[in-house]
Each structure stands twice: as C-alpha cells, then as structure tokens.
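Just below is one structure, and these are the notes that go with it.
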Amino acid sequence: MALFTVGKKKQDDRAQIPPSALKITFREIFKSKAATIAFCTIVVILLLTFGGSLFLDSSKVTEMHILESYAGWGQNGYLLGTDDGGRDILNLLIMGGRNSIMIGLLVTLLCELVGLIVGLVAGYYGGTTDSIIMRIVDFVQILPQMPILIVLVTVLPNYNAMTLVLLISMFGWTGEARYYRSFILSQRERDYVLASKTSGSSNTKIMFQEILPNIASMIIIDVVLSVSGNIGIETGLSFIGYGLPTNIPSLGTLIGFASDPVNIIDRPWLWLPATVLLLVICLSINYVGQALQKAGDARQREN
C-alpha cells in the first residue's frame, strides 16, 4: 500500500510539472496547419539558400556572359533564365536570398541586443534615467531614416554588407527599446523583484537573472517578427540602388528589374522568382511568429 501511494505521488508530481518552453512552442506550431506549412517552408528556403550557396562560387555567379543575355525560362540550360548580363537567375536567387536573409538576421540580432539593454535599463531604473534615455530614443526616431541611409551609403568609403547592417541597425534599435521598456515597467513592481531587492540582490543580477528570463517569450516573438521587416528594409534599399554593392546579389536587385516596363511584360523571369521568394519568406515568418505568440500565452497560462 505504501509503495502504491509513493508511486501515485510521483505520478502526480510529474503531472504538475509544466511542459518545457520548446515543447509548448512546437505544439503550437504544429497545431496550426498554416504555421506548420510556414515552418517547413522556412526550413526548405534556408536549406536551398544557405546550403545551395555552398556549392556556388560567388565570383562566377556574378560573372557576365553577354552572349547568354535574356535567355528565357529553361532556355540554353538555364532553369529560370538569365539577366541582361547573361547571369543565371537561379544562382543569383540562391545567393541573393542568402544575403538578404543573412542581413535581416544580423540587423535583427544587433537591434535586439541594443534595444533590449536600453529598454531594460530605462524601464528598471525609471525616473530621470528613463526620461533621458527616452528623449534620446525620441530624437533618433524622428530622424528621416531613408534619406540619411541613402546619403551615408553614397558618401561612405569601402562600403560593404557589414556597413549596411550597421547603418540599418543605427535606427532600428529604437523601436525595440520602447517595446522592451514597456514590459520592464510592468515587471519591476512584481513581488519577485521586490523580494530580490529586499534580499540584497544587485540591480544587475535582478535585471539579467530575474526579469530577463520572465520576458524571454516576448523576446523570441519579437526577434522572429523583426526578421521579415529587416529583410524588407534591405530589399527596399537594394531595389532603389542604395543597398548592397552591385557585385553582391540581393533579392532587391533582382526585383529591381521590375522598374522597367519592358521587363514586367516581356521578361517576367528577371523579377518574378525573387518577388515570390520574398513574399513567401515574409508570410512564413509572420505565420510562425503568430504561433510563437500563442505559445508564449499558453506557457504563461500553464505556469
């Protein structure tokens, strides 16, 4: 009888343990057909772009072959045709997709890091510290982002992909700072924070070991949703000719062929694949982001 009671108690204890965040996340993703398809689509795109680029020589991808110019769908052995310089659109799509996604990820990580630290400090300390920081954020936010980026891209020497990442991140962190500050303001008066202060814990320990883990789900959601927006910023700059250098493929440069009416009507292979790929990437990321948001809400309910 005692053994039965102990065994039942262990089963009850295991039943009371909340599922892990990873388990809840995958449960919410695979619960929705749209999120499942979106997640699988993202995996396939990442494999095709990052995996496929390993088998390509970047110098040869941008090498011009004038005699092969404007080959259509499937002509001369080119599955997606060629551009005005005879470059294979499929190879450009793989390299351009990888570059655009990589820049979107790097910008997101940099903006999240700076915005999280700034928002954490402003929200936790409040008062004069919060006022000074938020006035700086307000000033940066009212600056005309696009004209400044265009001017800097034009005048900066030795301009490259990392320069573009830093330039975009120079403005992108402000929104993240406001986002995280709002969460920190609601957390700093919670009982666990007050208890940590009473026990003599340092402010740094409270911020990074107490508050930060409690907003981890919000961070993950914001990171995922921000990636598509930052990919769009890079694509837009490359579309108008102020993004990546001309010798580096990008989805924006491929979509830029649509600026010519002749290409829109007679040569859709130049711009349509990149447009579809960008649309699929952004929609898939947004569907996965919605599933992550539901997972965050579900975890809070089960905890």
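Pop out the ³J(HN,Hα) list for the range 80-95 in order, Karplus 6.51 cos²θ - 1.76 cosθ + 1.60 with θ = phi - 60°, rounded to Hz; leave Gly and Pro as x.
Whole-Hz 3J(HN,Hα) from phi for the range 80-95: 9, x, 10, 9, 5, x, x, 7, 5, 5, 4, 5, 5, 5, 5, 5.
Over the Cα atoms of the range 48-118, each weighted equally, I'd like the Debye log10 I(q)/I(0) at q = 0.11, 0.18, 0.28, 0.29 Å⁻¹, rounded to two decimals.
Computed log10 I(q)/I(0) values: -0.38, -0.71, -1.16, -1.19.
Place +1 on the Cβ of every Lys and Arg and -1 on the Cβ of every Asp and Glu in the chain, take the dipole about the Cα centre, and give the residue among 289, 214, 132 whose Cα lies farthest towards its positive end.
Looking along the dipole axis, the top candidate is 214.
Note down the magnitude of the dipole of the chain about its Cα centre, charges +1 on Lys and Arg C-beta and -1 on Asp and Glu C-beta and zero elsewhere, to the nearest 20 debye.
About 1420 debye.
Output needed: percent of Cα pairs per 10 Å distance bin for the chain, bins running from 0 to the one holding the longest distance.
Percent of Cα pairs in each bin: 6, 21, 26, 22, 14, 7, 3, 1, 0.
Explain nothing, just compute: Karplus ³J(HN,Hα) = 6.51 cos²θ - 1.76 cosθ + 1.60, θ = phi - 60°, for every residue of the range 141-153 in order, whole Hz, x for Gly and Pro.
5, 7, 5, x, 4, 5, x, 5, 4, 5, 5, 5, 4
In the chain, what is the count of Lys pairs whose alpha carbons are under 22 Å apart, counting only pairs at least 8 residues apart or on separate chains?
7
Using a 1.4 angstrom probe and counting only protein chains, how large is the accessible area of residue 101 in Å², to 10?
Probe radius 1.4 Å; accessible area of residue 101 about 10 Å².
Using the basic label-point model (7 angstrom from Cα toward the beta carbon), what is the residue 203 to residue 27 distance in nanometres?
3.9 nm
So for the range 154-303, Kirkwood radius off the Cα pairs, Stokes-Einstein at 4 °C and 1.567 mPa s: how many µm² s⁻¹?
69 µm²/s
Counting every Cα pair in the range 17-169, what percent are over 21 Å apart?
Cα-Cα pairs of the range 17-169 separated by over 21 Å account for 69 percent.
Before rounding to the nearest 500, sum -39500 (n - 2.57) across all DSSP H runs of length at least 4 in the chain and divide by the residue total; then give [θ] at 222 nm in deg cm²/dmol.
Result for the chain, helices only: -23000 deg cm²/dmol.
Using every Cα-Cα pair within the range 93-165, state what percent have a distance larger than 22 Å.
The share of Cα pairs beyond 22 Å in the range 93-165 comes to 43 percent.
Give me the one-decimal Kirkwood hydrodynamic radius in Å for the range 93-239, with the sum taken over alpha-carbon pairs.
The answer is 16.7 Å.
What's the FRET efficiency of residue 262 with residue 190 using the Cβ-Cβ distance as r and R₀ = 51 Å, to the nearest 0.05?
0.25
The values are calculated or read from the model by the stated rules, or taken from the named source; none is laboratory data. The shown structure was predicted, so the numbers you read here are calculated from the model rather than taken from an experiment. Backbone-built Cβ (ideal geometry, glycine too); neighbour counts: all protein chains shown. Accessible surface areas use protein heavy atoms only, side chains included; no ligands, DNA or RNA. Shrake-Rupley method; radii C 1.70, N 1.55, O 1.52, S 1.80 Å.
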